[in-house]
1. So if I place +1 on the C-beta of Lys and Arg and -1 on the C-beta of Asp and Glu, and nothing else carries charge, what would the dipole magnitude of the stretch 206-344 be about its Cα centre? I want it in debye, nearest 20.
2. Please identify the trypsin sites (Lys or Arg not before Pro) of the stretch 284-371 that satisfy two criteria: DSSP loop assignment and at most 10 other Cβ atoms within 10 Å. Which are they?
3. Rounded to the nearest 10 Å², what accessible area does Glu185 show when all protein chains are kept and the probe is 1.4 Å?
4. With the cut-off at 27 Å, tell me which of the pairs Lys132/Lys175; Lys309/Lys365; Lys309/Lys372; Lys51/Lys222; Lys179/Lys284; Lys46/Lys372 have Cα atoms farther apart than that.
5. What FRET efficiency do you get for Glu185 and Gln235 if R0 is 41 Å and r is their Cβ-Cβ distance, rounded to the nearest 0.05?
6. Which distance in Å, rounded to a whole number, links the C-alpha centroids of the stretch 339-382 and the stretch 233-260?
7. Cα centroids of the stretch 54-74 and the stretch 79-145: how far apart, whole angstrom?
8. How many angstrom separate the Cα center of the stretch 276-329 from the Cα center of the stretch 147-222?
Amino acid sequence: MVQGYGIVNSNGALWKEQRAFLHWALREIGAKNCGPRRSILEESIKEEVDKFLRILAHQRGKTCHIRSIVVRCVSNVVGSLLMSVKYSEGDSRFPRLLHLIEEGFRLLTIAIPVNFIPVLRYFPLCSYPYYKLQKNRKETESYFQEVANDHRKSLNFENARDFIDMYLIRLNKIKEEHKFSYFSEQQLLQILGDMFSAGLETVTTLLEWSVIYMVAYREVQKLVQKEMDEKIGRQRLPTLADLPNLPYTEATILEIMRRANVVAIGPAHATLQETELGGYKIPKGTHIVPNLWAVHMDPKLWPEPENFKPERFLQDGKVHVPSYFMPFSVGRRRCVGDTLTKMEVFMFLSSMLHQFHVRIPDGEKPPELNGKVAASLTSIPYKVCVHLRDSLLL
């Protein structure tokens, strides 16, 4: 692959070992308590949500670009989770990392054909993005290496601060026991690159689409606000504990994921042996690319798939998720960050709608519902304005 830092391109044994560790590490971080009924992970998200709301409060009544506000807050969540690093005006390294990640997603769209026709790397149209991606990758790896080195100097084997600490502790244990393992310094850098870039891009783009659909479907925005007013009230912000009591809000988020199709094409895999699927014989070693967009827009599965209807995910007032809903791909190798993504989207979107009405600015055209096909399906840049609801929380 021309970009991608690690385990998505690795063999089955490595995948199994690293994936199991990723699930364990995320559970451990999410289970750490920092107060009544609240985990460190939720508290980290809440801290950034509060910043997000304060910025919106200063922007109320004015036109603004949501992405520029969201990207910094989301980067702080994933940065603190992985390596205890947040955006700082006094530290140019982290903003530089954000720039490299965003630039990488733009260039990847142009460079992807090189994966299938390697000779294209020698043609100007593909050669620049291809080699620029290689250069950017070295710079991002250098950044992650510096952070890992700093962690190693202050590592406490009894109290892991974040994902890097957990990985270094596990790596040290494996070395002491002289066991064979795919854990390595290089693999750590690769995983950090994968998780940071994917976590940042997926959540940011989903939140962009969330705002678009709330603006385009005002009646849905009103119903989400009505449900929160009835179940939560106006005296506090939503928490993760409220989610089971907000079926329409959850159904709205699921419909955003289905309709937005942020990851329209899943990561490629390869068959380990000849197999048969749907009556088709697939030879050993064949690259398989799941078309998630085709599943989510199939009229046989979703009547009138172009329409935005949260009710698709409700049965008798309860949330129902069909097996063919797969925004994070499907199977054993589905995205390991699905739980974190859902948590972030819920916390940011529900808190924003709890506090604000989101509108199209006067004189502006409504945001387009057709996005740009890139490494992810991104929205076309748009402007909105927010108006504070009758709340005294900010």
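The values are calculated or read from the model by the stated rules, or taken from the named source; none is laboratory data. What you see is a predicted model; the values in this text were computed from it and never measured. With ideal geometry, Cβ positions are generated from the backbone for all residues, glycine too; neighbour counts draw on all protein chains shown. We work out accessible area using only protein heavy atoms, side chains counted, and drop any ligands, DNA or RNA first. Shrake-Rupley method; radii C 1.70, N 1.55, O 1.52, S 1.80 Å.
1. Computed charge dipole of the stretch 206-344: roughly 220 debye.
2. Counting only loop positions with at most 10 other Cβ atoms within 10 Å, the trypsin sites (Lys or Arg not before Pro) in the stretch 284-371 are Lys284, Lys300, Arg332.
3. Roughly 60 Å² of Glu185 is accessible to a 1.4 Å probe.
4. Lys132/Lys175; Lys179/Lys284; Lys46/Lys372
5. E(calc), rounded to 0.05, equals 0.25.
6. Answer, in whole Å: 15.
7. 25
8. 27
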